1. Among P299, P416, P138, which one moves the most in a GNM of the chain with springs linking Cα atoms closer than 10 Å?
2. Simple spin-label model, 7 Å along Cα-to-Cβ: H213 to Q129 in nm?
3. How far, in nm, would the chain grow between A234 and A353 when pulled straight, counting 0.36 nm per residue and subtracting the alpha carbon separation?
4. What number, rounded to the nearest 500 deg cm²/dmol, is the helix-based mean residue ellipticity at 222 nm of the chain, given -39500 (n - 2.57) per DSSP H run of at least four residues and division by all its residues?
5. FRET efficiency for L314 and E39, Cβ-Cβ distance as r, R0 = 35 Å, nearest 0.05?
6. First compute the accessible area of the stretch 1-112 with a 1.4 Å probe, then give the percent of it belonging to carbon and sulfur atoms.
7. Give me the percent relative contact order of the stretch 140-229, please, defined on Cα pairs under 8 angstrom at least 6 residues apart.
8. Under unit Cβ charges (Lys, Arg +1; Asp, Glu -1), what dipole magnitude, rounded to 20 debye, does the stretch 263-324 have relative to its Cα centre?
Amino acid sequence: MSDAAAGGLRFPDGFLFGCATAAHQVEGGNVNDWSRWEERPGRIKDGSSARVAVDHLSRWRSDLEELAARGQNAHRFSVEWSRVEPREGVFDRSALAHYAEVVRTCRELGMEPLVTLHHFTFPLWLADQGGASAPSAPLRFARFAAACAEAFGAGVRWWVTINEPVVLATVGYLRGEWPPGDTSLLRTFAALRGLARMHAAGALALRSVAATHRREALVSVAHHVRGLRPADPASPLDRLVAAGPDYMFNRWWLRACRSGRLGPPIGLGERVPGLAGSLDWVGLNYYCDDVLHFDPTRPGELFARQSPKPGFPLSTFGWAIDPEGLRDALHLVGRESGGLPVMVTENGVADVADELRPGYIVGHLAAVHRAMRDGVDVRGYMHWTAWDNFEWAEGYGQRFGLYAVEPGTLRRCPKPSAALYEQICRSRTVPSEPHTQG
Ligand code: FCB
């Protein structure tokens, strides 16, 4: 790939530039395991909820028009399962028609839709059966995936079955900060096995509908990678405490999808039908890197203390900003997947003042460009996210949007980084100089 244009790093024709969103964080009015969680005191840091969110459900058309007008040629969004199947086995045709209309509109506006089927939320009826660990979850998810594939027709090529399965299992079942609020390693492993079975069953369903209609379905997950390295690479103990989390968090899932087996310690090597070769591409969600220190005072955390990679600025979330981490993560998923095409399905920064974001975008896209030059087959970049939104347990405190959303009116107000991202999307070129504000 050439660097082309004077003063910039040019991306190839057909490279996808867009934003990533998730239904529950933007739509408003959802009834699912998260809406129930939000009602429990203390669960959401600022006491807020996604009851209104940014009211994307009624504003979706003008929202999409705005993003397309800003030169974006792709859009990642998720389908809210609890809307489509509000009761077990009962599908709401109008909800399916709504998302089909969103898909059609993306295409009319010149944006390739990337559709996520599961972005952290479960319908209540499934949450009450055990969510990710419910024995019925894979079959139910496959039926839901098939319903979406039928309803959206040829409009969708790029599918994400599940967003960040390993994050969902870790935060919901080990750290207890998201539903179901569990804190058990064994149940975390059970959830991961369940999510792998859901993903495999969903992938089979998507491919079977595509084959029936002679269409293409490109299936993936959105896999979160967080660089987890020893604080002191020369320390055998730091190396030891970093190796386990790096394997479990960053690599286990990709290896399972390659081999078709649930490797230890999460499984016993059992084979899952449809899991081997279930990825046509890899969606990578990347935000930051951490380091791990050996700490004898923390037996409960397997003697590991995790902290942001030192020497880099921190986002308002306290995440270290080092674009090289994205390049490393792209290499990691390229290698672990056996060289599959990769798409950055999320990357962004919590930054209330929009001071860090311009540099973050330029730096991280330059890192994507470097990874492509190194030989990683990267097809696109979805910025997280379009609008400041409901940021799960953080409520509205952490702001990742290119647009602020005015309280009360919910008017979308472009930040300076929206103009910068527009310029990048239109020119498919990233300024080669480090970006400084103002
Ligand atoms: C990712 C999630 C996304 C958003 C960002 C900040 O882990 O997939 O929904 O919360 O983090």
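1. P299
2. 2.5 nm
3. That pair, A234 and A353, stretches by 39.0 nm at full extension.
4. Values: 14 runs with 158 residues, N = 438.
Taken over the chain, the calculation gives -11000 deg cm²/dmol.
5. That gives a FRET efficiency of 0.65.
6. 48 percent
7. 43 percent
8. 160 debye
The values are calculated or read from the model by the stated rules, or taken from the named source; none is laboratory data. Treat the numbers as computed from the prediction; the structure is a model and nothing was measured. Quick reminder, even Gly has a Cβ in these numbers, built from the backbone with ideal geometry, and neighbours come from all protein chains shown. Accessible surface areas use protein heavy atoms only, side chains included; no ligands, DNA or RNA. Shrake-Rupley method; radii C 1.70, N 1.55, O 1.52, S 1.80 Å.
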